[in-house]
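Here is the structure we will look at.
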Amino acid sequence: MSHVGSPLWQPSAERIAASQLRAFTDQAERASGRRFDDYAALHHWSVECPETFWLLVWSFCDVVAAQRGTTVLLDSDCMPGARWFPDARLNFAENLLRRRDAAPALVFRSETGLRREISFADLYAMVSRVAAALRSLGVVPGDRIAGYLPNVPEAVIAMLAAAALGAIWSSCSPDFGARSVTERFGSIDPKVLFAADGYFYAGKVFGCLETVRELTRVLPTLRHTVIVPYAEEGAARCALPEASSFEEFIAGHAAADLSFEQFGFDHPLYVLYSSGTTGPPKGIVHSAGGTLLQHLKEHRLHVNLAATDRLFYFTTCGWMMWNWLVSGLASGATLVLYDGSPLHPHAGTLFDLAERERVTVFGTSAKFLASVAKAGVEPVRGHRLEALHTLLSTGSPLPPEGFEYVYAKVKSDVLLASISGGTDIISCFVLGNPTLPVWRGEIQCAGLGMKVEVVNDAGEPVVGTPGELVCSAPFPSMPLGFWNDPYGNRYRASYFERFPGRWHHGDRAEQTGHGGFIIHGRSDAVLNPGGVRIGTAEIYRQVEQLDEIVESVAIGQQWENDIRVVLFIKLRPGMVADDALLHRIRQVIRENATPRHVPARIIQVADIPRTRNGKISELAVREVVHGRPVKNADALENPEAIEHFRHCPELAV
């Protein structure tokens with residue numbers, strides 16, 4: 001992509017000089033005996049000299065550990081198979097609980113108006129009580145602790161207590177149905193379940209206790225269930241066997257100093273799950289050391305997160321961004337938690353939150369930014385956001401119009417960092433940089449220590465043309481593997497089969513001439529009409545500029561021994577896809593993309609299926625259009641939406 005004119009944002013010389021990345025660069029120059037004149041030079045060193053780089057990250061970020069050891073990396077030529085800091089002994093929770101003063105550690109707000117604040121000292125005390133209660137149940141290192149919770153403080157507390165004991169934490173958000181939760185938790189045999197009695201969304205209350213009762217019935221390894229009263233304060237425990245309220249659970253355990261047992265760098269910390277829309281969700285196991293070191297690097301160097309910051313990310317406990325958010329405690333930052341609809345009671349709700357809580361780092365999704373832009377929200381006019389210095393966006397590619405909206409309507413002097421990685425690595429491959437300019441439609445850079453490349457089908461690196469995103473060297477947050485995959489066969493098949501020796505992420509991406517990246521969408525969503533590869537994001541980018549369109553999904557339909565592009569559109573209430581609108585859609589796509597991007601069919605539907613992380617499920621639509629069963633439809637937020645695609649008469653002509 002070539003750039004005309006100026007970047008949308010350029011950091012001031014003062015901001016660059018004061019950044020932690022600048023301080024780190026100075027230390028890197030002393031450690032390496034080299035001079036790094038720009039970020040590209042620093043990044044090149046970080047991937048060519050990984051042992052020196054990650055050792056410096058460890059010391060710069062003050063990792064708390066009983067020992068680090070002298071070896072940084074074993075079997076560096078094995079991917080997978082490399083081992084990081086094999087002699088280290090540390091505790092993940094100890095690193096997140098290092099600050100213990102009276103400043104707020106957690107600020108929680110619900111869409112109902114409820115606000116809670118927990119200091120660092122009180123957080124430490126609460127974690128110590130929950131850890132003692134878990135230990136009294138016989139929880140030992142390696143046991144699994146499950147959370148079926150909204151984004152409430154108890155989720156953070158329970159996770160830290162589990163990690164303090166060396167147990168493995170795994171969570172789902174309460175909007176997951178019984179089958180979806182059972183598929184996930186049933187595979188890991190949890191010993192203890194933390195669950196809420198319900199949650200709020202868009203002005204409605206949803207009960208969870210029936211699902212919890214079902215979980216206690218089908219999870220034979222459960223020894224105890226802890227009910228967090230939230231939707232109904234003081235709710236009874238629903239006559240659940242072996243259950244107690246959160247307060248009852250910790251009642252017999254006084255706050256005390258935690259004795260943090262030290263574990264290896266690759267001790268398992270989390271089990272996260274793949275989306276489950278193409279098969280049973282895979283349990284992805286992440287290490288304590290890899291998660292900690294990678295998150296510290298991203299927070300401190302790429303976000304410039306400090307103890308004075310207030311970090312907010314709109315997320316649920318079923319998305320990896322919750323894990324990423326919670327790690328902000330390791331930098332001493334205050335976490336701002338929110339539960340509820342981001343658009344209730346009005347589209348500016350999260351910006352109200354940012355103003356009231358003086359949020360400095362605001363994280364959200366590209367979908368949210370598109371929604372508030374279409375709703376006409378202009379925070380630059382109605383909100384005081386002087387504290388805000390960084391805005392993060394992920395979940396799907398942020399189109400160029402999203403960049404323009406932020407700088408025109410949200411705040412002109414802010415680092416807009418579109419970031420991309422995934423549950424698979426619990427972190428980012430490409431992300432923001434407080435010392436670089438922001439260009440329209442472009443992610444700023446590859447992460448330090450991440451040997452990210454875009455390659456063609458032959459595996460050759462390419463610049464300026466779309467290809468496959470790969471990582472060509474090991475990195476600490478590579479998963480330990482999949483749960484119940486003892487020989488690693490499924491793990492290797494998922495990431496290393498197509499390009500042996502490289503991590504193949506499944507994103508279609510493009511590297512720009514000055515080191516930035518554009519994500520064109522998932523590779524498995526690439527369309528091939530007439531053999532020409534088209535990323536669906538390229539179509540969405542044009543279509544969703546039109547005010548009439550709420551959402552869209554494009555698929556390739558098998559047709560007359562070829563593939564034709566079909567676009568489904570969801571319109572604003574009361575609107576109809578008449579000939580005039582269909583003409584405008586085709587015209588916008590043709591003029592701003594290419595004639596090959598123009599769909600052969602454009603069909604209006606009432607709704608479009610989404611995963612529970614809010615991503616459009618192209619695969620579900622493609623399967624039902626071709627008369628194939630949609631695997632794990634229960635993993636969708638709105639599985640009933642797939643019926644709109646089952647017998648479309650327009651698809652037969």
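Scan region 313-335 and give yes if some residue there is under 13 Å from the mean Cα position of the chain (by Cα) and in a strand (DSSP E or B), otherwise no. Within region 313-335 (the criterion being under 13 Å from the mean Cα position of the chain (by Cα) and in a strand (DSSP E or B)), the answer is yes, since at least one residue qualifies. Given the structure, is Phe36 under 27 Å from Val226 (Cβ atoms) and modelled with pLDDT of 95 or more? Answer is no for this residue.
Out of curiosity, is Gly421 under 16 Å from Trp503 (Cβ atoms) and in a strand (DSSP E or B)?
Values: under 16 Å from Trp503 (Cβ atoms): yes; in a strand (DSSP E or B): yes.
Yes, satisfied.
Test Arg184 against the criterion of being buried (at least 22 other Cβ atoms within 10 Å of the Cβ) and outside any strand (DSSP E or B), and give yes or no. Working first, answer last.
Numbers: buried (at least 22 other Cβ atoms within 10 Å of the Cβ): yes; outside any strand (DSSP E or B): yes.
Criteria met by Arg184.
Pairs meeting the criteria (first residue in region 10-28 and free of Cβ contacts under 8 Å to residues at least 60 places away in the same chain, second residue part of a loop (DSSP other than H, G, I, E, B), beta carbons under 7 Å, at least 6 apart or on different chains) are Thr25/Phe36; Ala28/Phe36. Residues in region 514-557 that are in contact with a Cys (Cβ under 8 Å, 6 or more places away or on another chain) and either modelled with pLDDT of 90 or more or among the hydroxyl-bearing types (Ser, Thr, Tyr) (or both): Gly516, Phe517.
Consider region 606-622. How many of its residues are more than 17 Å from Asp175 (Cβ to Cβ), without any contact (Cβ under 8 Å) to a residue 60 or more places away in the chain and buried (at least 20 other Cβ atoms within 10 Å of the Cβ)? Of the residues in that region, 1 qualify.
Answer yes or no: is there a residue in region 250-269 that is crowded, with 24+ Cβ neighbours inside 10 Å, in contact (Cβ under 8 Å) with a residue 60 or more places away in the chain, of a type outside the set (Phe, Trp, Tyr) and outside the structural domain of Val130 (by TED's automatic domain parsing). Scanning region 250-269 turns up at least one residue that is crowded, with 24+ Cβ neighbours inside 10 Å, in contact (Cβ under 8 Å) with a residue 60 or more places away in the chain, of a type outside the set (Phe, Trp, Tyr) and outside the structural domain of Val130 (by TED's automatic domain parsing).
Among the conditions (1) more than 25 Å from Ile534 (Cα to Cα); (2) part of a loop (DSSP other than H, G, I, E, B), the only one that Pro599 does not satisfy is (1).
Only one entry in Arg144, Arg135, Arg109, Arg99 is surrounded by fewer than 21 Cβ atoms within 10 Å (Cβ to Cβ) and under 22 Å from Trp324 (Cα atoms), namely Arg99. Tell me, please, whether a residue that is free of Cβ contacts under 8 Å to residues at least 60 places away in the same chain, in contact with an Asp or Glu (Cβ under 6 Å, 6 or more places away or on another chain) and surrounded by fewer than 20 Cβ atoms within 10 Å (Cβ to Cβ) can be found in region 533-548. No, there is no match, as no residue in region 533-548 is free of Cβ contacts under 8 Å to residues at least 60 places away in the same chain, in contact with an Asp or Glu (Cβ under 6 Å, 6 or more places away or on another chain) and surrounded by fewer than 20 Cβ atoms within 10 Å (Cβ to Cβ).
Leu398 falls short of the stated requirement of being under 28 Å from Ala23 (Cα atoms), outside any strand (DSSP E or B) and touching a residue at least 24 places away in the same chain (Cβ under 8 Å).
Within region 632-646, restricting attention to residues that are within 21 Å of the chain's Cα centre (by Cα) and within 11 Å of Ile608 (Cβ to Cβ), the residue that is modelled with the highest pLDDT is Asn638. Exactly one residue out of Leu436, Leu350, Leu385 is assigned to a helix (DSSP H, G or I), aliphatic (A, V, I, L, M), in contact with a helix residue (DSSP H, G or I) (Cβ under 8 Å, 6 or more places away or on another chain) and closer than 22 Å to Asp309 by Cα: that is Leu350.
The values are calculated or read from the model by the stated rules, or taken from the named source; none is laboratory data. Everything numeric in this text was worked out from a predicted model, so none of it was measured. In this analysis, Cβ positions are derived from the backbone assuming ideal geometry, glycine residues included, and neighbour counts consider all displayed protein chains.
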